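These notes concern the structure reproduced below.
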Amino acid sequence: MQIIHEREGEKLVVYLTDELDQHSARKVIEALDRLALLYAEESIVLDLGRLTFMDSSGLAVAINLHRTLEQTGRHLTIRHTPPQAMRVFQAAHLEKYITFEQMGDEKACKH
């Protein structure tokens, strides 16, 4: 698992690569918590377009980051979610709480 981040305008974009599973989820949660503290003013875009696999551990990652940002009035957008991962998020009804932006979307939107 690699975690790459860069600023994109007023937001911090975090790219997750390779596999997000039970073995990497704790590391990812801790890294995202550090980034949320380091970039305390920015909302975060979590880009999943470089993932090759995600299991239900990705739910914990998304929910933890959403709660962390929400506590300080910031927003989480998840973009470029692979179809298999999107099915996991939809099964948990996360689209009610988190904004998802798919490939080709011009802007973030709630599904």
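Odds and ends about this structure:
- Percent antiparallel among DSSP beta bridges (both partners in the chain, rounded to 5): 35 percent
- In this structure Arg34 has an accessible area near 150 Å², from a 1.4 Å probe over the protein heavy atoms.
- Just the protein heavy atoms count here, and of the accessible area of the chain at 1.4 Å, carbon and sulfur take up 49 percent.
- Where a label projected 7 Å from the Cα of Ala60 along Cα→Cβ would reach, residues of segment 8-35 with amide N under 12 Å: 21-30
- Mean ellipticity per residue at 222 nm, deg cm²/dmol - from DSSP H runs of n ≥ 4 across the chain, formula -39500 (n - 2.57): -10500 deg cm²/dmol
- Taking every protein chain into account, the 1.4 Å probe leaves Thr52 with about 110 Å² of accessible area, to the nearest ten.
- Residue-normalised accessible area of the chain, expressed per residue, 1.4 Å probe, Å²: 56 Å²
- A 1.4 Å probe over all protein chains sorts Glu70, Glu41, Glu8, Glu95 by accessible area into Glu41, Glu70, Glu8, Glu95, starting with the largest.
- For the chain: rounded, prolate or oblate by the Cα gyration tensor [a/c cutoff 1.5]: rounded
- The mean sequence distance of close C-alpha pairs (under 8 Å, at least 6 residues apart), as a share of the length of the chain, puts its relative contact order at 23 percent.
The values are calculated or read from the model by the stated rules, or taken from the named source; none is laboratory data. This one's a predicted model, so the numbers in the text were calculated from it and none came from an experiment. As a convention, Cβ positions derive from the backbone with ideal geometry for all residues, glycine included, and neighbour counts pool all protein chains shown. These accessible areas exclude ligands, DNA and RNA; they are computed on the full protein's heavy atoms, side chains included. Shrake-Rupley method; radii C 1.70, N 1.55, O 1.52, S 1.80 Å.
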